[in-house]
């Protein structure tokens, strides 16, 4: 088993099989107090010391099979945290099990836990807590073997103030008044499917739910719950489509939790409870392909998992491939090709941001002494997808290659894999086409930085109309603007509108006269799709159309998804006349932002947050 460079816990010596959590959520002090009991299976003889990952945590006591155990905390590492070394009361042999119990308290600054004040929620009345453990932050929420190579089941009971509701990446298992404090409620959870630590997830807030299918519900604050139920009403159809492609959904429930507006990310595939940003609530279901991506993770990532973060493309490349196959079933092959074309553009952006020689643009990077958070980009997603699509073309088309993906999932279900294991299976599955596979430049695809060695030939039929219209606008002089009409975009899908605006944003200069005419004809200001609105407002501000500035600042401050908030503030800040206004609006709203977001925006605009 290859060692995990981001974990102190040696998966070669022992593995966690089950966790039993007993947690008390303290909003006043921004800490979780409690205990975790870990059932550990020993993999070697004369096993005497167990090492767990922790980060910024107070360990109160440790026991093994009910007996007090000695423990020491090792030196603190910049991003790996602190190893917790536990000396067992007696040596164990290969195959034996030990239950180790650790009582602990998290730190108010634990990177896995985001404590929101009432102002940062939609309801503005109650505080809120959510976790984000991927890639290696679970160790700040509980002591554990924090490596994707190790999978365990879990049970949990969580005590929270009685006006709030707790949810986890698990099945709900009842609730009761806390016997220690009648002002609190205990929620119980169980996760019978083994999963890696990065998928541990907890949320506590003023939550409501709506059932949207036989095994699906949406959860959120009441301000969003009905909109979410409408937006994600096709979730069961996507789940069934995925099951047709790759086999049964094993997790039981598939719920979606829409977080407060300050949630800084798009989505997270926690089992039984996908986390999603409210910016997906477009009103027309047009952004629900993000949910198709998170659903796909139920097989690729959650069921078959990368053994270490160096093999992250196995999670994300296959998930993008599967997401686009779901899109192909529901929307047609031209739609899949169009999304693949957009993905190639995202890959070009990532490679140019990192630099074409940067080893982090390898499909399989080396992460020795590299914080996995800093390695995250669209490379594993889109370079991974491009490789799978290239193999699909070489080996007989989508149906043939989907057969391989399904078999890969069946063979490696409930385990964690490396790229070598994936490749060995590819060669054995296509043993009659080994000569074709031997012609693939594996070294260039896997271990060479920059763009892939082969650019797939994607069908551009849905993109051609966007390109043609964008070129008409770019080449148009002011006196030519009468040649445009509202019918130009009548047949465009929202995905095509996003592509059209992205093409205009690639221009150095786009005149204000043109965006004014565009608004008159196409009325983008009234569009509620966040991806369209975000690109439109950036284009308007960059074109120095002053009427758009308040709209851009409103979008930047009303939600906190970093993908939108940072570029919008930057655009207004770069408009010299409105620079002070951008700073003023940011300072007025920073209390409602996630700390990561406000810290990065203040750096973008060179603002001291003490102002």
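The values are calculated or read from the model by the stated rules, or taken from the named source; none is laboratory data. A quick note: this is a predicted structure, and the numbers were derived from the prediction, not measured. Neighbour counts are summed over all protein chains in view; Cβ atoms, including those assigned to glycine, are modelled from backbone coordinates with ideal geometry.
Scan the stretch 1-60 for residues that are out of contact with any helix residue (DSSP H, G or I) (no Cβ under 9 Å at 6 or more places or on another chain) and part of a strand (DSSP E or B) and report the count. Of the residues in the stretch 1-60, 31 are out of contact with any helix residue (DSSP H, G or I) (no Cβ under 9 Å at 6 or more places or on another chain) and part of a strand (DSSP E or B). The residue that is nearest to residue 122 (Cα to Cα), among those in the stretch 216-237 that are in contact with a strand residue (DSSP E or B) (Cβ under 6 Å, 6 or more places away or on another chain) and surrounded by fewer than 17 Cβ atoms within 10 Å (Cβ to Cβ), is 222.
Selection within the stretch 155-171: residues that are touching a residue at least 60 places away in the same chain (Cβ under 8 Å) and within 25 Å of residue 125 (Cβ to Cβ). The member of this set that is surrounded by the most Cβ atoms within 10 Å (Cβ to Cβ) is 168.
Restricting 307, 345, 339 to those that are out of contact with any helix residue (DSSP H, G or I) (no Cβ under 6 Å at 6 or more places or on another chain) and closer than 27 Å to residue 528 by Cβ reduces the list to 345. Is at least one residue of the stretch 471-489 under 29 Å from residue 397 (Cα atoms) and more than 27 Å from the chain's Cα centre (by Cα)? Checking the stretch 471-489: not a single residue is under 29 Å from residue 397 (Cα atoms) and more than 27 Å from the chain's Cα centre (by Cα).
Condition check ((1) in a loop (DSSP other than H, G, I, E, B); (2) assigned by TED's automatic domain parsing to the domain that holds residue 271; (3) within 19 Å of residue 559 (Cβ to Cβ)) across all residues:
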site: 211; (1), (2), (3): no, yes, no
site: 225; (1), (2), (3): no, yes, yes
site: 239; (1), (2), (3): no, yes, no
site: 251; (1), (2), (3): yes, yes, no
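In summary, residue 163 fulfils each of the numbered conditions (1) farther than 18 Å from residue 37 by Cα; (2) touching a strand residue (DSSP E or B) at 6+ places or on another chain (Cβ under 8 Å); (3) in a loop (DSSP other than H, G, I, E, B) with the single exception of condition (2). Just one of the listed residues (429, 408) is modelled with pLDDT of 95 or more, under 15 Å from residue 314 (Cα atoms) and over 22 Å from the mean Cα position of the chain (by Cα), namely 408.
Here is a yes/no grid of residues against (1) crowded, with 18+ Cβ neighbours inside 10 Å; (2) farther than 27 Å from residue 421 by Cβ:
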{"position": "15", "(1), (2)": "yes, no"}
{"position": "28", "(1), (2)": "no, yes"}
{"position": "41", "(1), (2)": "no, no"}
{"position": "56", "(1), (2)": "no, yes"}
{"position": "71", "(1), (2)": "yes, yes"}
{"position": "75", "(1), (2)": "no, yes"}
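Tally up the residues in the stretch 468-483 that are modelled with pLDDT of 95 or more and either assigned to a helix (DSSP H, G or I) or in contact with a helix residue (DSSP H, G or I) (Cβ under 6 Å, 6 or more places away or on another chain) (or both), please. The qualifying residues number 11. Considering the conditions (1) touching a residue at least 24 places away in the same chain (Cβ under 8 Å); (2) surrounded by fewer than 20 Cβ atoms within 10 Å (Cβ to Cβ), residue 531 is excluded by exactly one of them, (2). Any residue in the stretch 99-116 that is more than 28 Å from the chain's Cα centre (by Cα), outside the structural domain of residue 417 (by TED's automatic domain parsing) and surrounded by fewer than 14 Cβ atoms within 10 Å (Cβ to Cβ)? The answer is no; no qualifying residue exists.
Please go through the stretch 168-189 and pick out each residue that is in a strand (DSSP E or B) and either in the same structural domain as residue 257 (by TED's automatic domain parsing) or more than 14 Å from residue 251 (Cβ to Cβ) (or both). Answer for the stretch 168-189, where residues must be in a strand (DSSP E or B) and either in the same structural domain as residue 257 (by TED's automatic domain parsing) or more than 14 Å from residue 251 (Cβ to Cβ) (or both): 173, 174, 175, 176, 177, 184, 185, 186, 187, 188.
Scoring residue 413 on the criteria (1) farther than 21 Å from residue 434 by Cβ; (2) in contact with a helix residue (DSSP H, G or I) (Cβ under 9 Å, 6 or more places away or on another chain); (3) at pLDDT 95 or above leaves a single failure, condition (2). Remark: residue 16 matches the filter, which requires a residue to be at pLDDT 95 or above and within 22 Å of residue 97 (Cβ to Cβ).
Yes or no: the stretch 45-63 includes at least one residue that is without any contact (Cβ under 8 Å) to a residue 24 or more places away in the chain, within 28 Å of the chain's Cα centre (by Cα) and within 26 Å of residue 170 (Cβ to Cβ). No, there is no match, as no residue in the stretch 45-63 is without any contact (Cβ under 8 Å) to a residue 24 or more places away in the chain, within 28 Å of the chain's Cα centre (by Cα) and within 26 Å of residue 170 (Cβ to Cβ). Of all the residues in the stretch 484-495, those that are touching a helix residue (DSSP H, G or I) at 6+ places or on another chain (Cβ under 8 Å), assigned to a helix (DSSP H, G or I) and at pLDDT 95 or above number 3.
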